[in-house]
Amino acid sequence: MPWPSFPSGGRPRVLKANRDAPQLPVRARALAEGKVVYMAVPRLRAPKPFLRLDGSRLRGASPRKAASIRGAAAAGRPTPVDKLERIDLVVCGSVAVNRRGVRVGKGGGYSDLEFALLAEAGRIDDRTTIVTTVHPLQVVDRDLPETGHDFRVDRIVTPEKVFKCRRVRRPKGILWDHLPEEKIAGSRRWRDRAPEGPVHPAVLRNPRPDFFPRNPARTMCSSSGAGA
């Protein structure tokens, strides 16, 4: 993937990358070039919900190994949101994306939550570039569903081409009225931050953090980047 240029003329130094396999080559290349890569802990359920990988300090691990899910768990440093550096580049996966930058993930909503959490903390701002890496078949010429908590991408990267999208808006933080009550009640992270409100009765029957099933949607191609 060609690194995008920035208005200052520089290149990205700090990335937040989707943890799925299709983005592994991007993470590995970033680490090989000595960049810092953050990967989210699944479902943001850890007290320190991001793993920090520094390509200049991998402690003997190869960039590709450290960039894998298992390797990141071993080589990465658990980091709270308020200790992250400002993110230069967000790399996300998509099931489908159109040329306006509207994307559809797997349906879990965690990519949007990660984005909102970092935007609210000031770690993602208007200087941050957002890209998705996909197979050409995943770039569609039609409208895709979009809500106020969804973020759009600035660039779409396929093996053959890079599409630039016009930026129109970005969520500035968590939209609590878009977050299901059962998801709030099922995670201490969201319970501690959410405005006071009733607990969904389904959660009272099963309050485990893993109550919410994984979405079974799969990517269209093995080389695709289907993020949540």
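Of the residues in segment 52-75, how many are in contact with a strand residue (DSSP E or B) (Cβ under 8 Å, 6 or more places away or on another chain) and either farther than 19 Å from P22 by Cα or surrounded by 23 or more Cβ atoms within 10 Å (Cβ to Cβ) (or both)?
The total comes to 8.
Go through (1) buried (at least 21 other Cβ atoms within 10 Å of the Cβ); (2) within 13 Å of the chain's Cα centre (by Cα); (3) not small (G, A, S) for V104 and report which single condition fails.
(1)
Residues E114, E181: which one is among the charged types (D, E, K, R), closer than 22 Å to P42 by Cα and modelled with pLDDT under 80?
Matching residue, one of E114, E181: E181.
When you scan segment 161-170, do you find a residue that is touching a helix residue (DSSP H, G or I) at 6+ places or on another chain (Cβ under 7 Å) and either at pLDDT below 80 or among the small types (G, A, S) (or both), even just one?
no
Within segment 99-115, can one find any residue that is closer than 25 Å to V140 by Cβ, hydroxyl-bearing (S, T, Y) and either out of contact with any Phe, Trp or Tyr (no Cβ under 8 Å at 6 or more places or on another chain) or touching a residue at least 12 places away in the same chain (Cβ under 8 Å) (or both)?
To start, the set of residues in segment 99-115 that are closer than 25 Å to V140 by Cβ comprises 99-115.
Cutting the leftovers down to hydroxyl-bearing (S, T, Y) gives us 110-111.
Applying the additional criterion that residues be either out of contact with any Phe, Trp or Tyr (no Cβ under 8 Å at 6 or more places or on another chain) or touching a residue at least 12 places away in the same chain (Cβ under 8 Å) (or both) yields 110-111.
The answer is yes; a qualifying residue exists.
Could you pull out the residue among R166, R127, R152, R123 that is out of contact with any strand residue (DSSP E or B) (no Cβ under 9 Å at 6 or more places or on another chain), in a loop (DSSP other than H, G, I, E, B) and closer than 17 Å to C92 by Cα?
Answer to the check: R127.
The values are calculated or read from the model by the stated rules, or taken from the named source; none is laboratory data. None of these values were measured; they are calculated from a predicted model. Reconstructed Cβ throughout: ideal geometry from the backbone, glycine too, with neighbour counts over all protein chains shown.
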